[in-house]
């Protein structure tokens with residue numbers, strides 16, 4: 001019986017945030033197809049493997065999903081141990097379903113190894129829990145982005161109902177997101193935290209209010225960024241404002 005193809009979550013970036021199981025499978029792999037967000041330090045875990053860059057990154061030049069599916073099936077046909085290394089967690093905005101279906105339709109088994117998603121790394125970097133007693137009892141992971149050929153969905157209503165929201169792939173749509181949420185009645189004073197390069201030494205954070213969010217779309221951010229909204233970020237915002245007043 002052949003080995004299953006493993007879809008492994010690389011985590012938010014830092015090489016030592018991958019799971020032990022994920023690292024072990026990388027060390028045994030014959031071929032690794034990896035995303036653009038995977039750090040070179042993590043690829044050092046698999047010097048024995050054939051490395052294939054499939055360059056999947058939102059709003060950047062990247063390999064179309066159908067070609068990734070084909071390359072994955074071709075690799076499974078050629079190599080005994082194949083790993084598909086995906087940034088964050090494969091099962092959260094990672095298009096894992098398409099790849100799992102492609103593999104299984106081609107007759108290959110596939111298994112998923114979870115990874116740390118960017119929301120958890122950003123929360124750790126900020127030192128702010130996504131949930132907090134008496135403030136936030138639920139967390140929503142959402143995206144406002146609509147891919148080519150996809151139908152739009154109602155992402156606004158769930159955000160209005162959530163205590164804490166993490167918006168993936170939202171920085172380039174920051175102005176439209178802010179306009180939609182403000183228009184739907186979310187207070188302009190709602191605390192927002194923008195986190196770039198979560199889980200990496202180069203992590204940067206910007207606390208602000210929802211009314212200030214439109215400006216973010218004009219920033220030239222080098223790394224992947226996510227938006228976090230909710231009252232749990234109020235203290236971070238107040239601390240940042242106090243710091244600015246001290247130097248005024």
Report every pair of residues separated by at least 6 positions or lying on different chains whose Cβ atoms are under 6 Å apart, first residue within segment 201-214 and under 13 Å from residue 226 (Cα atoms), second assigned to a loop (DSSP other than H, G, I, E, B).
203/197
Go over the candidates 92, 37, 33, 51 one by one and state the one that is touching a residue at least 24 places away in the same chain (Cβ under 8 Å) and more than 22 Å from residue 145 (Cα to Cα).
33
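Just a yes or no: is a residue in segment 130-151 under 30 Å from residue 49 (Cα atoms), in contact (Cβ under 8 Å) with a residue 60 or more places away in the chain and either in contact with a strand residue (DSSP E or B) (Cβ under 9 Å, 6 or more places away or on another chain) or surrounded by fewer than 20 Cβ atoms within 10 Å (Cβ to Cβ) (or both)?
Restricting attention to segment 130-151, the residues satisfying the condition of being under 30 Å from residue 49 (Cα atoms) are none.
The answer is no, given that none of the residues of segment 130-151 is under 30 Å from residue 49 (Cα atoms), in contact (Cβ under 8 Å) with a residue 60 or more places away in the chain and either in contact with a strand residue (DSSP E or B) (Cβ under 9 Å, 6 or more places away or on another chain) or surrounded by fewer than 20 Cβ atoms within 10 Å (Cβ to Cβ) (or both).
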Do we find that residue 207 is in the same structural domain as residue 158 (by TED's automatic domain parsing), under 25 Å from residue 136 (Cα atoms) and in contact with a helix residue (DSSP H, G or I) (Cβ under 6 Å, 6 or more places away or on another chain) in this structure?
yes
Would you be able to tell me the number of residues in segment 87-129 that are crowded, with 21+ Cβ neighbours inside 10 Å and either closer than 30 Å to residue 234 by Cα or at pLDDT below 95 (or both)?
13
Number of the exception - residue 222 against (1) outside any loop (DSSP other than H, G, I, E, B); (2) modelled with pLDDT under 95:
(1)
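In segment 5-16, is there at least one residue being within 21 Å of the chain's Cα centre (by Cα) and free of Cβ contacts under 8 Å to residues at least 60 places away in the same chain? Before you say what the answer is, go through the steps one by one.
Restricting attention to segment 5-16, the residues satisfying the condition of being within 21 Å of the chain's Cα centre (by Cα) are 6-16.
Those left that are additionally free of Cβ contacts under 8 Å to residues at least 60 places away in the same chain: 15-16.
Within segment 5-16 (the criterion being within 21 Å of the chain's Cα centre (by Cα) and free of Cβ contacts under 8 Å to residues at least 60 places away in the same chain), the answer is yes, since at least one residue qualifies.
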State all residues of segment 18-40 that are modelled with pLDDT under 95 and either touching a helix residue (DSSP H, G or I) at 6+ places or on another chain (Cβ under 6 Å) or buried (at least 16 other Cβ atoms within 10 Å of the Cβ) (or both); if no residue qualifies, say none.
35, 36, 37, 38, 39
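Picking from 237, 229, 181, which residue would you name as being more than 18 Å from the chain's Cα centre (by Cα) and buried (at least 22 other Cβ atoms within 10 Å of the Cβ)? Before the answer, list the steps.
Working: 237 fails: buried (at least 22 other Cβ atoms within 10 Å of the Cβ); 229 fails: more than 18 Å from the chain's Cα centre (by Cα).
Step by step, each of 237, 229, 181 is checked, and only 181 is more than 18 Å from the chain's Cα centre (by Cα) and buried (at least 22 other Cβ atoms within 10 Å of the Cβ).
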Here the residues within segment 159-178 that are assigned to a loop (DSSP other than H, G, I, E, B) and buried (at least 20 other Cβ atoms within 10 Å of the Cβ) are 170
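Has segment 186-199 got at least one residue that is assigned to a helix (DSSP H, G or I), touching a strand residue (DSSP E or B) at 6+ places or on another chain (Cβ under 9 Å) and not assigned by TED's automatic domain parsing to the domain that holds residue 80? Before the answer, list the steps.
Within segment 186-199, the first condition is being assigned to a helix (DSSP H, G or I), and the residues that meet it are none.
No: zero hits.
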Please go through segment 1-17 and pick out each residue that is surrounded by fewer than 22 Cβ atoms within 10 Å (Cβ to Cβ) and closer than 21 Å to residue 124 by Cβ.
14, 15, 16, 17
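The values are calculated or read from the model by the stated rules, or taken from the named source; none is laboratory data. As the structure is a computational prediction, the values presented were derived from the model and not from experiment. All Cβ positions, even for glycine, are placed from backbone atoms using ideal geometry, and neighbour counts span all protein chains on display.
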